[in-house]
Amino acid sequence: MGTAHAPNKSDISNIHYLSAVIRETQRLSGVAPFLSRLATDNFEVQGYLLPKDSQMMLNFNSALQDEETWKDADKFYPERFLDENGHFIKRNEHIPFGLGRRICPGMGKLWLEWRLIFSCPPCFNGFCLSHEIPLQNSSSSRCQAWYRPRRSGTSMPLCPQSVGICQA
């Protein structure tokens, strides 16, 4: 690896610190601060009755930054994912992709891709930052955003509606 060759799948087992940096970055800045869940039955949580069909917003980031689980939870410290020999260790408390039946199905592929991309020098990624590249808008049309309103008492969603948000 390094400048000798672009990293490949077989190199993944040798990039322990990079794996720890990626995990710690995910822990400190979760993708989604809240998870939405719908109660399928009546149930009680800490003395509160939640009726069936209640929608709950779970504070997902609080689990990733809990002081009881993570020592110095507000500090960037990738070494918390390394053992005493500097090898990457997986921690069950680290759940940025969810868990159980609702876990992200793309987690494995994304985890592999991140490690391959971030371990690769820029010139191996197909581009080299040795000179300035000008950015320009090649489109002469207006930028547009699309939104789809929620269902309106019918079984079919309403048609998407276009909203112009900027001028080219």
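Of note:
- Within the set Ile95, Ile117, the sole residue that is of a type in the set (Val, Ile, Thr), at pLDDT below 80, surrounded by fewer than 12 Cβ atoms within 10 Å (Cβ to Cβ) and under 26 Å from the mean Cα position of the chain (by Cα) turns out to be Ile117.
- Single residue of segment 11-53 satisfying the filter (polar (S, T, N, Q) and in contact with a Lys or Arg (Cβ under 9 Å, 6 or more places away or on another chain)) that is modelled with the highest pLDDT: Asn42
- With respect to (1) surrounded by 10 or more Cβ atoms within 10 Å (Cβ to Cβ); (2) free of Cβ contacts under 8 Å to residues at least 40 places away in the same chain, the lone exception for Leu49 is condition (1).
- Within segment 30-42, at least one residue is in contact (Cβ under 8 Å) with a residue 60 or more places away in the chain and surrounded by 13 or more Cβ atoms within 10 Å (Cβ to Cβ).
- Taking first residues from segment 88-106 that are among the small types (Gly, Ala, Ser) and partners that are modelled with pLDDT of 75 or more, the Cβ contacts under 8 Å between residues at least 6 apart in sequence or on separate chains come to Gly98/Leu35; Gly98/Cys104.
- Restricted to segment 59-92, and to residues there that are farther than 19 Å from Ser19 by Cβ and among the charged types (D, E, K, R), the residue that is surrounded by the most Cβ atoms within 10 Å (Cβ to Cβ) is Asp66.
The values are calculated or read from the model by the stated rules, or taken from the named source; none is laboratory data. Small disclaimer: the values here were computed from a predicted structure and weren't measured. Heads up, the Cβs are rebuilt from the backbone with ideal geometry, glycines too, and the neighbour counts pull from every protein chain shown.
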